[in-house]
Amino acid sequence: MDKVILHDKQFEPFIGVAELNAAIEKVAEKVATRYADSVPLFMGVLNGGYFFASELLKRLPITCEITFVKVASYHGTKSTGTVSQLIGLNERITGRHVVVVEDIVDTGNTIEHIVESLREKNPASIAIASLLLKPEVYRKKIPIDFVAMEIPNVFVVGSGLDHDGLGRNLPGIYRIVNN
Ligand code: IMP
C-alpha cells in the first residue's frame with residue numbers, strides 16, 4: 001500500500017486488507033449467532049455501505065435478505081435546519097429484524113435519522129452494524145451493536161469511504177496526511 005492523492009489531499013495506509021478482513025470475520029460470527037433463528041433484513045446505506053454489506057453478507061451462513069437505502073439530506077426551513085430522508089425502502093419492515101449496515105459512524109447524526117425513520121414502521125428490532133466507529137466523536141444513545149473496528153478521530157477513505165467521491169474502491173483503509 002502506497003500513499004495516494006485524492007483531489008487536493010494526501011492519504012497514507014492505515015488498516016491493511018488482512019486486518020480488516022479478520023475484523024469483519026469476527027463481526028460476521030457475532031451477527032450469525034444473533035440471527036441464527038430469524039431471517040433478518042440487512043439494509044445497506046449507500047453509497048459507502050456497499051462494501052461492508054457485501055463483505056459481511058458473504059460471510060454469513062444464515063438465511064437473510066439484503067436491500068439498500070440512501071439518506072438524502074436537504075436544507076429545510078430555517079426552523080427545521082437540515083432534513084434527512086430515507087429513500088429507496090420498498091420492503092415492508094413491520095415485524096422484521098432489521099440490521100442497518102453502515103460504512104462509518106462518526107457523530108451518529110446519520111444513524112439517528114435512519115433509526116428514527118425505521119422505528120415509525122414498527123420493525124421487530126433494529127440493530128446497527130458499522131465497518132468503522134469513531135468512539136471519541138460518537139455522542140448518541142443508540143447502541144452500535146456490531147463494529148468491525150474502532151478508529152481515532154481521523155478522516156479516512158477506502159473500503160467504501162470517500163473523499164468527495166473518490167477513494168471508495170481503495171482496498172483497506174487510508175488516513176489523511178495532515179500537512
Ligand atoms: P455521522 O452522521 O457524523 O455519523 O457521519 C456519517 C457519515 O459521514 C458517513 O456515512 C460518511 O459518509 C461520512 N463520514 C464520517 N467520517 C468519515 C470519514 O472519516 N471518511 C469518510 N466519510 C466519513
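The values are calculated or read from the model by the stated rules, or taken from the named source; none is laboratory data. Since the structure is predicted, the reported quantities are computational estimates derived from the model, not experimental observations. We place every Cβ from the backbone using ideal geometry, glycine too, and count neighbours over all the protein chains shown. These accessible areas exclude ligands, DNA and RNA; they are computed on the full protein's heavy atoms, side chains included. Shrake-Rupley method; radii C 1.70, N 1.55, O 1.52, S 1.80 Å.
Below is a table of values for the structure above.
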item: Approximate spin-label separation E136-A72, in nm, with each point projected 7 Å along Cα-to-Cβ; result: 3.6
item: Residue pairs, from the table K3/K70; K30/K141; K26/K58, whose Cα atoms sit over 25 Å apart; result: K3/K70
item: Charge dipole of the chain about the Cα centre (unit charges at C-beta), most positive-ward option of F51, P135, I93; result: I93
item: Span-like helix ranges in the chain, DSSP H, alpha carbon extent 30 angstrom or more, Kyte mean at least 0.0; result: none
item: As computed over the range 96-136, the Cα convex hull volume per residue (Å³); result: 56
item: Accessible carbon and sulfur surface of the range 80-128 relative to its total accessible area, %, 1.4 Å; result: 41
item: Relative pair counts by distance (%), Cα atoms of the chain, 5 Å bins; result: 1, 8, 17, 20, 20, 16, 10, 5, 3, 0, 0
item: Solvent-accessible heavy-atom area per residue, rounded to whole Å², over the chain at 1.4 Å; result: 53
